[in-house]
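Worksheet: one structure, shown below.
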Amino acid sequence: MRVILLFNVALMLLLCTYSQSKAQGSNAAPSEHLVYSFPSDAVIKMHKVKIVKTAYTSYFSVFNWSGGYAGLQDTPDSSSGSSKILIASQWDPNTSGGIYATAPYIGTNTIYSRFGGEGDGAKTINPYNWELNTWYNFVIRSWKLNGNLYIATFIQNLTSQQWFHTSTLAIPERTTYLGSGSGAFLENWHGSDPRFDGRFERKAFFKDCWNRNTSGVWQKSTSRYFSANANDAYRNGIYDTAFNAGYDSSEDAYFMEHGGNVTPSAAFNGGRVLTLPDQTNQGSSPTLTVGQISSVAASYASGNITVNWVNDNTLSPQFSSLVEILDASNNVVSSITETLPQKRSATLSNNLSTGTYTARVTITDIFGGVSDPVSSSFTVSGGGLSGNWYKIKNAYSGKYLGIENSGTANLAKIAQYTNSSSANLEWKFEPANGVYTIINRNSNKAIDIANSDQTAGAEIIQYTITSGLNQQWDLVPTGNGNYLIQSNMSSHYIIDNPASSTADGTRMIIYPLNGSTGTTNQQWVLEEQSGSSARIAGTVKIPGVTGSENEQHPRTKIQVAPNPANQYIIIQNASVGKEISIYNMGGSFILGQLADQDNTRIDINRLSPGMYLLLHNGKQLRFVKQ
């Protein structure tokens, strides 16, 4: 009887234990945190990680900053292209108030989505396919621009030395940048499935945690500690004490591990928090390389200079770029600078005279290092324009310059008309002492200021070609793809559409420039006619186009997003290394850029609102600039 009683008691205890385990339903490895304290707000954060043990549903977060985090995950969901993914997330400042985090840039194969559940925000995932026993260097680079705070995530494989920019997230500008504190954590996010739970050990090393403050000073942490979540016993189940952390002198790194047979070291003394020592060999500042440019290429067509460059991907990544155009005397005649880490192409509007020019590119890397400048020469012939015929369209009215009543006589007035195929609306720009004589195709006469009259409001005429001063005109880029047509006489008045008229037959005048770039009734669009056919409606034919978007294979279909767009477009499924060209609806080339990744971003800030054509790899797409 006694034996039976003992057996029954043992059976009841076993059943109780089984029932509790079944009711609990979760045996996750405990979440762990490595927390660093720094004295001041950071513009840049840097931290290294090496994962040596992993299992599905593991998040090795390398960075926590104010409102965001980034790190490496091991997930059973490989729909992104890999189970070993790179993640970056930023919480919305105020979801209910409509203030959201966004993703202005996503890298090659990076996937953007919104997240919810633990707050809402912007998330990017990349199938980075990270490897065990490999050190990775994470850098979070922030900057403020045009009312926004941008937060870019970079990672470097320290074995191959290759850098990758996975995404740039953004929120409205705030007082701080990334905040002073930094932290890493280790999480087993699924404890209720025996395929993924705490029975599997996970372990990672962390070292060289740095902040660079707003004064540009690199700082080490003043203190650091480890903690294992203290209130997750129900979630952790039988693995609630399967945690450990410390400093490993052989790696000169801190480590966190959990799950399986892991137990806390004696240093925890029964607790869940451990103060960590200084990293012995961290030094006083990080060892950094300086970003460098590998090659530059430049070309010129129809008043636009296109410059492309390639950087050395084993050195510190680009943060900003300076592109300069120099003439034969080494004078800078045009330049553009931009803070945009992914930018590898620039288009500068400048009507260049005949000669040899140099495109010079300099980059500043994410740590502030300045590269050696790299140059490429290019030649401009025919006075800067192609020598073909052009239509000249008023940016305000959309009407085209022509001779009044298609006249061929001297003194006939210059007027504006609705587009047509008439030769009366076509002009050639002939070089004349660094400027141009503008000749009508129908009459073979030049735009002229009668009797060299420099009175504001004087009407312009056509006259037999003399190339005299009163027939000399300069094309001045306005920075948006348009031009001022400026007299080379002492007044330097420009051709003006009086009172912003939209009527056919309105006579054009010379008038003083309004502001620094003129009003739209003083701006003109040049539409090259040779090699493309301008049409009032229907398809615009551009050389090299063999099909349309409807003929693309659905798996490789080139797409433009967003569309309509305001500041930039992203060409999805782009062919890396091939030219992307943008034309206006008249068929005139506007800008070009080489595709540098599958999802290539193109800045369209300088384009005027309207519809444009995009040509890439033999395919033609349309998009709208708002």
Practice problem: Report whether or not Asp312 is in contact with a Gly (Cβ under 8 Å, 6 or more places away or on another chain), farther than 14 Å from Ser376 by Cα and without any contact (Cβ under 8 Å) to a residue 40 or more places away in the chain. | Solution: yes
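Just wondering, is there one or more residues in the stretch 576-583 that are out of contact with any strand residue (DSSP E or B) (no Cβ under 7 Å at 6 or more places or on another chain) and at pLDDT 75 or above? It would help to see each step written out before you state the result.
Step one: filter the stretch 576-583 for residues out of contact with any strand residue (DSSP E or B) (no Cβ under 7 Å at 6 or more places or on another chain), giving 576.
In the following step, the residues that additionally are at pLDDT 75 or above were identified as 576.
Yes - at least one qualifying residue is present in the stretch 576-583.
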Quiz item: Can you name the residue in the stretch 133-154 that is in a strand (DSSP E or B) and not hydrophobic (A, V, I, L, M, F, W, C) and, of all such residues, is surrounded by the fewest Cβ atoms within 10 Å (Cβ to Cβ)?
Solution: Lys144
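Output the number of residues of the stretch 178-191 satisfying the condition of being crowded, with 23+ Cβ neighbours inside 10 Å and either part of a loop (DSSP other than H, G, I, E, B) or of a type in the set (A, V, I, L, M, F, W, C) (or both). Write out each step before concluding.
The initial filter retains those residues of the stretch 178-191 that are crowded, with 23+ Cβ neighbours inside 10 Å, namely 178, 182, 184, 186, 188, 191.
Then keep just the ones that are either part of a loop (DSSP other than H, G, I, E, B) or of a type in the set (A, V, I, L, M, F, W, C) (or both); that gives 178, 184, 186, 191.
The number of residues fulfilling the criteria is 4.
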Quiz item: So Asn157 fits all but one of (1) more than 28 Å from the chain's Cα centre (by Cα); (2) surrounded by fewer than 23 Cβ atoms within 10 Å (Cβ to Cβ); (3) within 28 Å of Pro277 (Cα to Cα); what number is the exception?
Solution: (1)
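Which of the residues that make up the stretch 101-110 are part of a loop (DSSP other than H, G, I, E, B), among the β-branched types (Val, Ile, Thr) and closer than 25 Å to Trp189 by Cβ?
Within the stretch 101-110, the subset part of a loop (DSSP other than H, G, I, E, B) is 101, 107-110.
Among the residues that remain, those that are also among the β-branched types (Val, Ile, Thr) are: 108, 110.
Matches in the stretch 101-110: Thr110 only.
Only one residue in Ser250, Ser265 is over 38 Å from the mean Cα position of the chain (by Cα), over 15 Å from Phe205 (Cα atoms) and among the polar types (S, T, N, Q), so which one is that? Talk me through it step by step, then tell me what you get.
Details: Ser250 fails: over 15 Å from Phe205 (Cα atoms).
Sole residue among the options that is over 38 Å from the mean Cα position of the chain (by Cα), over 15 Å from Phe205 (Cα atoms) and among the polar types (S, T, N, Q): Ser265.
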Quiz item: Within the stretch 221-246, which residues are farther than 16 Å from Gly271 by Cβ and touching a Ser or Thr at 6+ places or on another chain (Cβ under 8 Å)?
Solution: Ser221, Thr222, Ser223, Arg224, Tyr234, Arg235, Gly237, Ile238
Quiz item: So which residues in the stretch 39-60 are more than 25 Å from Glu131 (Cα to Cα) and over 30 Å from the mean Cα position of the chain (by Cα)?
Solution: Pro39
Exercise. Would you mind stating whether Asn410 is in the same structural domain as Thr517 (by TED's automatic domain parsing), more than 23 Å from Ala503 (Cβ to Cβ) and part of a loop (DSSP other than H, G, I, E, B)?
Key: yes
Practice problem: Take Thr134 and decide whether it is within 14 Å of the chain's Cα centre (by Cα) and touching a residue at least 40 places away in the same chain (Cβ under 8 Å). | Solution: no
Practice problem: Within the stretch 442-485, count every residue that is over 26 Å from Ile582 (Cβ atoms) and surrounded by 18 or more Cβ atoms within 10 Å (Cβ to Cβ). | Solution: 14
Quiz item: Which of the residues spanning the stretch 280-298 are over 14 Å from Ser345 (Cα atoms) and surrounded by 15 or more Cβ atoms within 10 Å (Cβ to Cβ)?
Solution: Gln282, Pro286, Leu288, Thr289, Val290, Gly291, Gln292
Quiz item: Quick one: what pairs do we get from the stretch 382-403, first residue modelled with pLDDT of 75 or more, second among the acidic types (Asp, Glu) and surrounded by fewer than 23 Cβ atoms within 10 Å (Cβ to Cβ), C-beta under 7 Å, 6+ apart or different chains?
Solution: Asn388/Glu528; Tyr390/Glu528; Lys399/Asp504
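Sort out which residues of the stretch 165-177 are of a type in the set (Ser, Thr, Tyr) and surrounded by fewer than 18 Cβ atoms within 10 Å (Cβ to Cβ), and write them in order of number.
Matches in the stretch 165-177: Thr175, Thr176.
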Practice problem: Output the residue which, of all residues in the stretch 230-243 that are surrounded by fewer than 21 Cβ atoms within 10 Å (Cβ to Cβ) and polar (S, T, N, Q), is farthest from Val52 (Cα to Cα). | Solution: Asn231
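Looking only at the stretch 315-328, filter to residues that are hydrophobic (A, V, I, L, M, F, W, C) and in a loop (DSSP other than H, G, I, E, B); which one of those is nearest to Thr379 (Cα to Cα)? Steps first, answer last, please.
From the stretch 315-328, those hydrophobic (A, V, I, L, M, F, W, C) are 315, 319, 322-323, 325-326, 328; that's our starting set.
If we keep only those that are in a loop (DSSP other than H, G, I, E, B) as well, we get 315, 328.
Values: Leu315: 32, Ala328: 10 Å.
So the residue we want is Ala328.
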Quiz prompt | Whichever residue in the stretch 45-100 is in a strand (DSSP E or B), in contact (Cβ under 8 Å) with a residue 40 or more places away in the chain and β-branched (Val, Ile, Thr) and, among such residues, is surrounded by the fewest Cβ atoms within 10 Å (Cβ to Cβ) | solution = Ile99
Exercise. Could you look through the stretch 304-325, keep only residues that are over 25 Å from Thr153 (Cα atoms) and of a type outside the set (Asp, Glu), and pick out the one that is surrounded by the most Cβ atoms within 10 Å (Cβ to Cβ)?
Key: Val307
Exercise. Evaluate the stretch 354-373: report whether one residue or more is part of a strand (DSSP E or B), modelled with pLDDT under 90 and buried (at least 21 other Cβ atoms within 10 Å of the Cβ).
Key: no
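Given the options Ile461, Ile495, Ile485, name the one that is in the same structural domain as Ala423 (by TED's automatic domain parsing), over 39 Å from the mean Cα position of the chain (by Cα) and at pLDDT 85 or above. Outline the logic, then answer.
On the way: Ile495 fails: over 39 Å from the mean Cα position of the chain (by Cα); Ile485 fails: over 39 Å from the mean Cα position of the chain (by Cα).
Checking each option against the conditions leaves just Ile461.
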Self-check item: Answer residue from the stretch 215-247, given it is of a type in the set (A, V, I, L, M, F, W, C) and touching a residue at least 24 places away in the same chain (Cβ under 8 Å) and is nearest to Phe205 (Cα to Cα) among those
Solution: Ala245
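Which residues, taken from the stretch 477-502, are touching a residue at least 24 places away in the same chain (Cβ under 8 Å) and among the hydrophobic types (A, V, I, L, M, F, W, C)? Quick ask: steps written out before the conclusion?
So the first thing to find is which residues in the stretch 477-502 are touching a residue at least 24 places away in the same chain (Cβ under 8 Å), and the list is 477-491, 493-498, 500-502.
Passing the criteria: Leu484, Ile485, Met489, Ile494, Ile495.
The values are calculated or read from the model by the stated rules, or taken from the named source; none is laboratory data. Here the structure is a predicted model, which means the values were calculated and not measured. Positions of Cβ are backbone-derived with ideal geometry, glycine not excepted, and every protein chain shown enters the neighbour counts.
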